[in-house]
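One structure is given here, and the rest of the page talks about it.
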Amino acid sequence: MQDLRVSIVQGDTRWHDPEENRRYYGRLIAPLRDTTDLVVLPETFTSGFSNDAIANAEDMTGPTVAWIQEQAAKLGAAVTGSVQLRDGDNVYNRMLFATPDGGLTHYDKRHLFSFAKEHERYAAGDKRVVVQWKGWRILLQVCYDLRFPVFARNRFDAAQTGQADYDLALYVANWPSVRSYPWKTLLRARAIENLSFVVGVNRVGTDGNQLHYSGDSAVINFLGQPLSEAADEEVVSTTTLQWAELLVHRQRFPALNDADAFAFG
């Protein structure tokens, strides 16, 4: 196993302007070429978190899917983030995970934010998705999913694989600053209880609904300690996750062996 270089991209997403957001985030991540393994963009990075953006939702053949695949190829790294995407009769808050070899995986946000009526416009996903990249198993999650620990619960298969389900959980978000304390607290909780690294990437700025976002993106280790934290400003930063440190911690403190057995429905 090798260490994993992860770059968080905390930007001020432009409201309802996919083309400008692709240009904006493209400029931010261009310097990362050949210097990172994984680039993490915020939730709904082409529009901001908006129920009204559904009217202009692209499909999987649209420009944003092509763009994220192009960025992965240019950077020599995986690139991930969520956008509104139409699939059949439904529109999903879909987290894309593109790799430089042309691979593309997606996760559809399972927990829709009913407080903001997201469930009235978007369809919920029904699958938990773990991708493999450079030997790491990575759980894909979107914003409100952070509040539901059962869905993110790591499991350890001692009998067959001898491995945990995942080593790193990614949370991409548009999480308003008024609820920043729960955001920061829950990221740490997910890391501690699941014996994994956690990366949370939020946006900054004020959106078209006049909601302010203070960022607070972070890279958290398996003890809940921040390896990197971002303040209320545009930030692009890279942190190296040490595989050996995770392995030693899991061997010294094998709490996953004692976890409850259950299946995800």
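Quick look at the numbers
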| quantity | calculated |
| --- | --- |
| Restricting region 173-190 to residues that are without any contact (Cβ under 8 Å) to a residue 60 or more places away in the chain and of a type in the set (A, V, I, L, M, F, W, C), the residue that is surrounded by the most Cβ atoms within 10 Å (Cβ to Cβ) | TRP175 |
| Hits in region 177-224 (condition: over 18 Å from the mean Cα position of the chain (by Cα) and aliphatic (A, V, I, L, M)) | VAL178, LEU211, LEU223 |
| Those strands (runs of 3 or more DSSP E) lying entirely in region 1-95 with at least 3 residues at negative phi and either exposed (fewer than 15 other Cβ atoms within 10 Å of the Cβ) or not aliphatic (A, V, I, L, M) (or both) | 4-10, 78-87 |
| Residue in region 85-100 that is touching a Ser or Thr at 6+ places or on another chain (Cβ under 6 Å), touching a residue at least 60 places away in the same chain (Cβ under 8 Å) and over 19 Å from THR238 (Cβ atoms) present | yes |
| Residues of region 1-54 classified as in contact with a His (Cβ under 9 Å, 6 or more places away or on another chain) and touching a residue at least 40 places away in the same chain (Cβ under 8 Å), total | 2 |
| Out of LEU146, LEU170, sole residue that is modelled with pLDDT of 95 or more, assigned to a strand (DSSP E or B) and crowded, with 19+ Cβ neighbours inside 10 Å | LEU170 |
| Filtered residues of region 113-143 (kept if in contact (Cβ under 8 Å) with a residue 60 or more places away in the chain, part of a helix (DSSP H, G or I) and surrounded by 13 or more Cβ atoms within 10 Å (Cβ to Cβ)) | ALA116, GLU118, CYS143 |
| Selection status of ARG121, under 15 Å from the mean Cα position of the chain (by Cα) and either modelled with pLDDT under 95 or charged (D, E, K, R) (or both) | no |
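Matching residues to (1) over 21 Å from ILE8 (Cα atoms); (2) at pLDDT 95 or above; (3) β-branched (Val, Ile, Thr); (4) within 19 Å of the chain's Cα centre (by Cα):
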position: LYS74; (1), (2), (3), (4): no, yes, no, no
position: ALA77; (1), (2), (3), (4): no, yes, no, yes
position: ARG86; (1), (2), (3), (4): yes, yes, no, no
position: ARG94; (1), (2), (3), (4): no, yes, no, yes
position: ALA98; (1), (2), (3), (4): no, yes, no, yes
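The values are calculated or read from the model by the stated rules, or taken from the named source; none is laboratory data. Being a predicted model, the structure only gives us computed values, none of them experimental. Positions of Cβ are backbone-derived with ideal geometry, glycine not excepted, and every protein chain shown enters the neighbour counts.
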